[in-house]
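This report refers to the structure that appears directly beneath it.
The values are calculated or read from the model by the stated rules, or taken from the named source; none is laboratory data. None of the values given here were measured: they were computed from a predicted structure. Glycine also receives a Cβ, built like all others from the backbone with ideal geometry; neighbour counts cover every protein chain displayed. All accessible areas refer to the heavy atoms of the entire protein, side chains included, with ligands and DNA or RNA removed. Shrake-Rupley method; radii C 1.70, N 1.55, O 1.52, S 1.80 Å.
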Amino acid sequence: ARVLELGCGGAEKTRQIAELTGVEEIVAAEVDQIQHEKNLLIDDLPKVTFASFGAEAIEAPDASFDIVLMFKSLHHVPIPMLDQAMREIRRVLKPGGFAYISEPVFAGAFNEVIRLFHDESAVRQAAFDAMVRAVDSGILELSEEYFFKNVVRLQHFGQFEKGILNATFMDHQLSDELLAEVKNRFESFGAPDGYVFEVPNRVDLLQKPAA
């Protein structure tokens, strides 16, 4: 299979996918230029080509991929461009090809911490609505839908601060007061084994019509 991963981040999942039997080639795209430059330094993934473009403007020929993957990246597409992104995904998929789109559900304790400084309720809903419109209009067909919980384990607030607050693709500017509020909220979920959060997720498996 030829695979397109949109929003590959630090290529953690890209690496796992590259190890799968039957994967011939992966194009891993990332719009964050800082992360993209880091990805270009990876030299042990011969199946992978790193690129820099967004889902709304995929730099690939028509019908060139068997699978398109988006892991928690659809809601990062600008809202006015979401419908265009769905059309682009259809365009680059081969007939009968699949789009696997995983999105976090706006619920849970981890979300209660993040929403103090970054409320994603509107963008996540917009991403879901775009998928609904794509299915309703026949651009893509809904094959299956899954729900699961991703477990996030952290030992201290510093890990949260580094991984979430200081992520290169976001520009969080927190005042001292808000940072203290976030830290207090985070630490309120502490347990003897650290900080364990169950993050609800939804996966929509969409398919390009075969004809």
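The table for this structure:
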| quantity | calculated |
| --- | --- |
| Residue of 97, 190, 54 that the Gaussian network model of the chain assigns the largest fluctuation, springs spanning Cα pairs under 10 Å | 190 |
| Normalised contact order of the stretch 113-204, rounded percent, pairs of Cα under 8 Å and 6 or more residues apart | 47 percent |
| Alpha carbon centroid spacing (whole Å) that separates the stretch 139-164 from the stretch 22-37 | 19 Å |
| Amide H partners (placed H, <5 Å) of residue 190, local residues excluded | none |
| Accessible surface, per residue, of the chain when the full set of protein chains is kept, probe 1.4 Å, Å² | 52 Å² |
| P(r) weight above 21 Å for the stretch 1-90, C-alpha pairs, percent | 26 percent |
| Of 67, 101, 34, the one that fluctuates the most in a GNM where the chain has Cα springs shorter than 10 Å | 34 |
| Helical contribution to [θ] at 222 nm, DSSP H n ≥ 4, -39,500 (n - 2.57), averaged over the chain, rounded to 500 | -8500 deg cm²/dmol |
| Candidates 65, 148, 98, ranked by Gaussian network fluctuation over the chain, Cα under 10 Å, top entry | 148 |
| Within the accessible area of the chain (1.4 Å probe), percent carbon and sulfur | 53 percent |
| Calculated over the stretch 119-162: convex hull of Cα atoms, volume per residue (Å³) | 109 Å³ |
| The stretch 1-16 and the stretch 70-124: distance between their alpha carbon centers, rounded to Å | 15 Å |
| Cα principal axis extents for the stretch 1-54, largest first, Å | 31, 21, 14 |
| Rg and Dmax of the chain, Cα atoms only, in Å | 18.0, 57 |
| Descending Cα extents along the principal axes, the stretch 121-210, whole Å | 51, 30, 19 |
| Net charge of neighbours whose Cβ lies under 15 Å from the Cβ of residue 196, counting Lys and Arg as +1 and Asp and Glu as -1 | -2 |
